[in-house]
Amino acid sequence: MESDQSLRVRHRRQRARRAVHEGLEHRQLLTSWIAALPADVSYVAIAQQTNDSELCIAFASERQLGVDTLRADGTEKDDRVVYSSVDDSTWPVSVHDAVFAESGGLQVGGATSTPNSLQGGDGEPTKWVDGTVTPSGLETTTAGNSGALYAANRHGQFVGEDDLLPILHDAGQTSALPLPGEDVIGSAFDLNEDRIVGYSNDDAVVWERTANTFEPWILEHRESDSFGVANTISGYGVIGGSYRRENAGATATVGLIWNRDGRILREFTDAEVTHVVDL
């Protein structure tokens, strides 16, 4: 008869093998979806997983924004919803994120050229909600709007950058997020619940909602680290990004994962963490 200790070891091994098998299944499933993507448009974001067998992916072409629905078995489904711009002057310069709002409408964040855009800049931060174009940059800028909305959530909030400042678009209003200390530039790249992540001057930063304001604080880094950025935050609060690190006169990019308290969990050499998810 096995001892209690050997039973526990065997059960741990079984769980580990099962976890690896499940991970491989998910990877194969994702590969089948990617292989099935039509080539006539450029896909920009996974907008929504509708159920276990279908996936909605947002796309942008020269004159269309919309969503394709794909089957999990890798075959294309005849279910393309197109939201076309009626005004060529407000067609996207860039598209960065797409989600379905709680109401069911498609929300897309990016940038477009407007009369307020800085000449030679990135365009004005813009949202498309069910095909309706709404330029959403800061009302007051130094020389004109230049930036984009980089991430959106199901509650109708967007974050991004305009005029070298991190911005939040919420309830129809766009405002600059506060910067820590004497910092003067920054950008916001992702949001989840009451937290926003990005960078400020040379540091990876998280903004956390306190009452009705967002307070910034700097994520942990090493003394040898220079410029840093936080790219992504999960629902639980795990953050991913990178810092540039000096080592023996050479500079390398180090990928980082921080916990919800801002402490470093993992480091990856010559890498950058672009997405973290809760499993």
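The values are calculated or read from the model by the stated rules, or taken from the named source; none is laboratory data. Quick caveat, the model's predicted, so the values are computed rather than measured. Note that each Cβ is placed from the backbone with ideal geometry, even for glycine, and that neighbours are counted across all protein chains shown. Just the protein is used for accessible areas: all its heavy atoms, side chains included, with ligands, DNA and RNA removed. Shrake-Rupley method; radii C 1.70, N 1.55, O 1.52, S 1.80 Å.
Which ones in region 125-158 are of a type in the set (Asp, Glu) and either in contact with a helix residue (DSSP H, G or I) (Cβ under 6 Å, 6 or more places away or on another chain) or at pLDDT 95 or above (or both)? Once the filter is applied, which keeps residues that are of a type in the set (Asp, Glu) and either in contact with a helix residue (DSSP H, G or I) (Cβ under 6 Å, 6 or more places away or on another chain) or at pLDDT 95 or above (or both), region 125-158 yields only Glu139.
Put simply, of Gly156, Gly137 the only residue that is touching a Pro at 6+ places or on another chain (Cβ under 6 Å), part of a loop (DSSP other than H, G, I, E, B) and over 29 Å from Glu223 (Cα atoms) is Gly137. For region 222-253, a residue qualifies if it is out of contact with any Leu (no Cβ under 9 Å at 6 or more places or on another chain), farther than 22 Å from Ile185 by Cβ and among the hydrophobic types (A, V, I, L, M, F, W, C), and the qualifying residues are Ala248, Ala250, Ala252.
For region 106-122, filtering for residues that are outside any strand (DSSP E or B) and either surrounded by 15 or more Cβ atoms within 10 Å (Cβ to Cβ) or of a type in the set (D, E, K, R) (or both) leaves 6. Of note, Val276 satisfies the criterion of being farther than 15 Å from Pro180 by Cα and in contact with a Gly (Cβ under 6 Å, 6 or more places away or on another chain). Only one of the listed residues (Thr112, Thr132) is in contact with a strand residue (DSSP E or B) (Cβ under 6 Å, 6 or more places away or on another chain), farther than 23 Å from Val197 by Cβ and among the β-branched types (Val, Ile, Thr). That residue is Thr112. Scanning for something of a type in the set (A, V, I, L, M, F, W, C), open to solvent by 30 Å² or more (accessible area, probe 1.4 Å) and at pLDDT below 85, does region 76-84 turn up at least one residue? Yes, region 76-84 contains at least one residue that is of a type in the set (A, V, I, L, M, F, W, C), open to solvent by 30 Å² or more (accessible area, probe 1.4 Å) and at pLDDT below 85.
Selection over region 232-255 of residues that are farther than 16 Å from Asp194 by Cα and open to solvent by 30 Å² or more (accessible area, probe 1.4 Å) gives a count of 10. Counting the residues of region 229-279 that are part of a loop (DSSP other than H, G, I, E, B), over 21 Å from Val159 (Cα atoms) and among the basic types (Lys, Arg) gives 1. Inside region 134-170, residues that are in contact (Cβ under 8 Å) with a residue 40 or more places away in the chain and in contact with a Lys or Arg (Cβ under 8 Å, 6 or more places away or on another chain) make up a count of 4.
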